[in-house]
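**Q** The structure that follows is given in the form of structure tokens.
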Amino acid sequence: MFLSPRWISLFTSLLVTSIVVAFLSFVPAADSGVLFVAGISSFFSTFFFTYYIVDLLVFREVNQIYVSIQKLKIRDFDISRKSLLRSVNPLKKLNREISNYVSKKEEEIGELKRMEIFRREFLADVSHELKTPIFAAQGFVHTLIDGAIDDPEVAVRFLKKAAKSLDGLDVLVRDLVVLSQVETGDLKMHFDSFNIVEVIKEIFEQLENKANKRNTELVLKPKEKEECFVFGDKQRLSQVLTNLVENAIKYGKDNGKVVLELKIENRNVEISVEDNGPGIPQDQLPRIFERFYRVDKSRSRETGGTGLGLAIVKHILNAHDSVISVTSKIDKGTRFTFHLTKPPKEFA
Ligand SMILES: Nc1ncnc2c1ncn2[C@@H]1O[C@H](COP(=O)(O)OP(=O)(O)OP(=O)(O)O)[C@@H](O)[C@H]1O
Ligand SMILES: [Mg+2]
């Protein structure tokens, strides 16, 4: 019902007038003239008094609060002035809207606080990771300047170590650039149809040396498969597979086995990389996709890992609408799985 201050005042004054007239009609001395004057005066006095109270003390204040809110340009505050002023109890409505707004804002503030903690931790991690190779290279170069350069054998050894640290730094910075590009969406994906078996064979060739050093066998399943076309960014998916196979070699066991399996079901291709290494403890499984997270810190550092590989893998696969999952059993091995789709008809 439409309730404005005017209508409220009219109802109240009519009510008061009828009560006053009804009472006075029982008084013998009150004739119709008295009843008329009493009725008229109680009607107008009640009307203006109520109008003043309701309009000035409630509606105008509510209006004022509304105007202030509008001035703040709070977009989320989506209550309209008309609906507010038309409501039976504008204060209650305003109160409800403000509480909704406050709880929405509280959620946003919570999210911002979480992001802030995340940003701080990330900055601390990045500076720590950068510091390690820089300090190492710096140490070797200064030792050389301080005299080690005079002994050619020592000089070459130290230069090689300094170069290794700087190579590590280069890998780290490149990974960080890729990670930030995928996260901000600046890294454009070039989707196309390509033969993933070819890519896998290339990766196996590239990683052959690393695998041989640990006497690890690299196996593609099914063996006879020569062709499997998928749809995605070839270069980025090759980066994904390289990291997964490289991890399986690095964190697997000596004389181990890494199996890359393709399972094709209709338009879906399931790709898994499995090793028979020491595995990852269950409680750490969800964390390995976090930036800089390493299960075995010393082993990972020793093998030159930055701890960014799986974070990049996760983002690249997200951009392909795919999710990577991992299962692992201690002393049995680890298996990473994700899905890709076959190329759409126009690309086939
Ligand atoms: N197949 C695996 N078996 C056991 N642990 C693994 C395996 N793959 C990854 N991990 C653990 O997960 C951590 C994160 O892997 P990720 O690929 O992100 O980093 P990294 O290999 O250490 O460094 P990067 O890939 O940047 O060179 C590794 O440090 C390792 O502890
Ligand atoms: Mg890795």
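**Q** So which residues in the range 227-263 are of a type in the set (Val, Ile, Thr) and within 16 Å of ligand 2 (Cβ to nearest atom)? Break it down into steps so the answer makes sense when it comes.
**A** In the first step, residues of the range 227-263 are kept if they are of a type in the set (Val, Ile, Thr); the result is 230, 240, 242, 245, 249, 258-259.
Within the range 227-263, 240, 242, 245, 249, 258 meet the criteria.
**Q** Pairs please, first residue from the range 304-315 and farther than 23 Å from residue 162 by Cβ, second anywhere and near ligand 2 (Cβ under 8 Å from one of its atoms) and open to solvent by 10 Å² or more (accessible area, probe 1.4 Å), Cβ atoms under 6 Å, 6+ apart in sequence or on different chains.
**A** Within 6 Å, the pairs are 309/243; 313/243.
**Q** If only one of 227, 246, 261 is under 16 Å from residue 343 (Cβ atoms) and open to solvent by 30 Å² or more (accessible area, probe 1.4 Å), which one is it?
**A** 227
**Q** Now a separate question. In the list 43, 26, 59, which residue meets the criterion of being of a type in the set (Phe, Trp, Tyr) and touching a Pro at 6+ places or on another chain (Cβ under 9 Å)?
**A** Residue meeting the stated conditions: 59.
**Q** Out of the residues in the range 134-145 meeting the condition of being open to solvent by 80 Å² or more (accessible area, probe 1.4 Å) and under 24 Å from residue 173 (Cβ atoms), tell me which one is nearest to the chain's Cα centre (by Cα).
**A** For the range 134-145, the residue satisfying everything is 135.
**Q** Further question on the same structure: Search the range 264-277 for residues being buried (at least 18 other Cβ atoms within 10 Å of the Cβ) and of a type in the set (A, V, I, L, M, F, W, C), and hand back the single one that is farthest from ligand 2 (Cβ to nearest atom).
**A** 269
**Q** Hey, another quick one. Any idea how many residues of the range 146-156 are open to solvent by 70 Å² or more (accessible area, probe 1.4 Å) and either in a helix (DSSP H, G or I) or at pLDDT 95 or above (or both)?
**A** Residues meeting the conditions: 5.
**Q** Moving to a separate point now. Mind checking which residues of the range 232-255 are without any contact (Cβ under 8 Å) to a residue 60 or more places away in the chain and within 15 Å of ligand 1 (Cβ to nearest atom)?
**A** Let us first name the residues in the range 232-255 that are without any contact (Cβ under 8 Å) to a residue 60 or more places away in the chain, namely 234-235, 238, 241-242, 245, 249-250, 253-255.
Of everything in the range 232-255, those that are without any contact (Cβ under 8 Å) to a residue 60 or more places away in the chain and within 15 Å of ligand 1 (Cβ to nearest atom) turn out to be 238, 241, 242, 245, 249, 250, 253, 254.
**Q** Taking residue 225 as meeting all but one of (1) out of contact with any helix residue (DSSP H, G or I) (no Cβ under 8 Å at 6 or more places or on another chain); (2) away from ligand 1 (no atom under 14 Å from the Cβ); (3) of a type in the set (D, E, K, R), write down the number of the exception.
**A** (1)
The values are calculated or read from the model by the stated rules, or taken from the named source; none is laboratory data. None of the values given here were measured: they were computed from a predicted structure. Here the Cβ is made from the backbone with ideal geometry for all residues, glycine too, and neighbour counts use every protein chain on show. Calculation scope for accessible area: heavy atoms of the full protein, side chains included, ligands and nucleic acids excluded. Shrake-Rupley method; radii C 1.70, N 1.55, O 1.52, S 1.80 Å.
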